[in-house]
Each structure stands twice: as C-alpha cells, then as structure tokens.
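Working notes for the structure below.
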Amino acid sequence: MDSVSSGKPPERKKLLHSRYGAFLKDAIYGANDGIITTFAVVGGVAGAALSPLIVVILGLANLFADAFSMAASNFLATRSDAGLFEHERNVEEYEIDTVPEREKDEIREILVKKGYSKEDADALTILVTKNRTFWVDLMMSEELGFAPVENTTAWRSSIVTFIAFVVAGFLPLLPYVFRAGGNLFLWSVFSTGITLFLVGSLRTFFTHKNWFL
C-alpha cells in the first residue's frame, strides 16, 4: 500500500511501528493472561452458584492483584536483561581493549559465516574495527546474540502489561457488572471469546498478517 492510499507517509508509519511495536509482546502477553485468568475466576465462582456481586468482587480483586504481579515481574525481568546486557558489553569492550587481534579474528569469522569471501571479510574487518561502538555492537549481536535493552524500557513494558491486563481482563466481568439478562456465565463466555479474537486480530496492525486468521 502506498503513502497516498494509506493516508500516512511511510516515515510516519515507520515511526509508529518502531515506537509502539517494541511493546507488542508486553501488550499481548498481558491481555491474554488477563482474559484467561479472570475468566477462570468467573467460571470457578459462577460454578459455585454465588451471587453476581461476589463474582464481580472476586474478579476485580484477582484482576488487579494479578495485573500488579505481572507488571512487577515484567519490570524485574526487563531490568535483569538490561543488567546482563550491560555486563556482557563491558566484558566485550574489555576484550577489545586487551586482546584486539583475537576480537578482530572473531569479526572475520562472523563475516565469513555470513557468506563473505575471505578477501572481503578481511577488508570489512578493517572497516568495522575502525568504529569501536559498531565493533562492540556487532560482537554483541552476532557473537553473543544480545539485542540492546534499556533500563527505561522496564517501566514502559510493565505499564503496558498492567494496562493490557486490566483492560482485557475486565471484559469477561462485563455481563456481571451490568447484570445482562439471561445466563450471565454464557454471556461471559461470549465476551471472553470476542475479546480473545480482538486481541489476536489487533496484532495485524504491526504484523500485517491476515486479521481473521
């Protein structure tokens, strides 16, 4: 789709995807967990034939407790990843400073494995090792398999997880909150199914896959 038919210039679309796409995993993870765990509580309490008010109270208590737990766990996990990344980067910088020839050989080996000839790998190694920052970046990604992780991302990831968990997890409770007519549990089943479908289909904004599938 070109920029005219989409209504947005490619630069803006790229900015939106790069800014928000990084949190897609946190949003989907939080939303799916919120839906399923809340519905499990609704099913358990409804199966005990308790009043709709009790279902709402227990559902909300579980919703916010689990949302906080998920967000805190995500925060700690992301901070741990950032700390490990920083440590490994410091080690890589130390090795470049102390044993540069060995590190150059490793760059050369990486380039050869990527399909470059020995001659091209030698020439590229000279260019790569002229830029210390890029040299370290390449070693981190290609030798160790690390992607950059920032400490500031931990707060954003945890907030996204919390909001996604609460918003999506609240929907199975809607029939009990508004006292919809008929069998409230069946309405909750229907609401849960629709929510799961919407969460899955909204991913296509970033993945560009078939929304229905």
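So how far apart, in nm, are the two label points at LEU124 and ALA48 if each is 7 Å from Cα heading toward Cβ?
Roughly 6.2 nm, to one decimal.
Report the extension gain between ILE159 and SER73 in nm, rounded to one decimal, defined as 0.36 nm multiplied by the number of residues separating them, less their alpha carbon distance.
On the way: separation 86, 0.36 × 86 = 30.96 nm, distance 1.14 nm.
Fully extending the segment from ILE159 to SER73 adds 29.8 nm.
I need the phi-derived Karplus couplings for segment 24-32: 6.51 cos²θ - 1.76 cosθ + 1.60, θ = phi - 60°, integer Hz, Gly and Pro marked x.
Per-residue couplings from phi come out as 4, 4, 5, 5, 5, 4, x, 5, 4 Hz.
Please give the length that would be gained between ARG179 and ALA65 if that part of the chain were fully extended, namely 0.36 nm times their separation in residues minus their C-alpha to C-alpha distance (nm, one decimal). Write down the numbers at each step before the final one.
On the way: separation 114, 0.36 × 114 = 41.04 nm, distance 2.37 nm.
This chain segment gains 38.7 nm when fully extended.
Place the peptides 36-42, 76-82, 113-119 in order of packing, highest mean first, counting for every residue the other Cβ atoms within 10 Å and averaging per peptide. List each step's numbers first, then the result.
Numbers: 36-42: 20.9, 76-82: 15.7, 113-119: 10.4.
My ranking of the peptides, most packed first, is 36-42, 76-82, 113-119.
Please compute the length gained on full extension between GLU101 and ILE194, using 0.36 nm multiplied by the number of residues separating them and subtracting their Cα-Cα distance.
27.6 nm
For segment 80-85, just list the computed ³J(HN,Hα) in residue order, Karplus coefficients 6.51, -1.76 and 1.60, θ = phi - 60°, integers in Hz, with x standing in for Gly and Pro.
Computed from phi, the couplings for segment 80-85 are 5, 4, 5, x, 5, 4 Hz.
Return, ordered by residue number, the residues of segment 86-124 whose backbone nitrogen is under 16 Å from a label point located 7 Å along Cα→Cβ of ARG132.
Taking a point 7 Å out along Cα→Cβ of ARG132, the residues of segment 86-124 whose backbone N falls under 16 Å are 89-101, 103-104.
Where does segment 57-175 land on Rg(C-alpha)/(2.2 N^0.38 Å)? It would help to have the intermediate numbers written out before the result.
Working: Rg = 21.8 Å, N = 119, 2.2 N^0.38 = 13.5 Å.
In units of the globular-protein estimate, segment 57-175 measures up at 1.61.
Residue by residue through segment 58-68, which ³J(HN,Hα) values in whole Hz follow from phi under the Karplus form 6.51 cos²θ - 1.76 cosθ + 1.60 (θ = phi - 60°), with glycine and proline marked x?
With coefficients 6.51, -1.76 and 1.60, one gets 5, x, 5, 4, 5, 4, 6, 5, 5, 5, 5 Hz.
Which residue, VAL99, LEU84, LEU127, has the largest displacement toward the positive end of the dipole of segment 28-137 when charges sit on each Cβ (Lys, Arg +1; Asp, Glu -1)?
LEU84
Describe numerically, in nm with one decimal, the distance between label points set 7 Å from Cα along Cα→Cβ at SER141 and at GLU86.
Here the answer is 2.2 nm between the modelled labels.
The numbers here are math on the coordinates, done by the rules we state, and not lab data. Keep in mind that this is a model prediction, so the values were computed, not measured. Note that we place each Cβ from the backbone using ideal geometry, even for glycine, and neighbour counts take in every protein chain shown.
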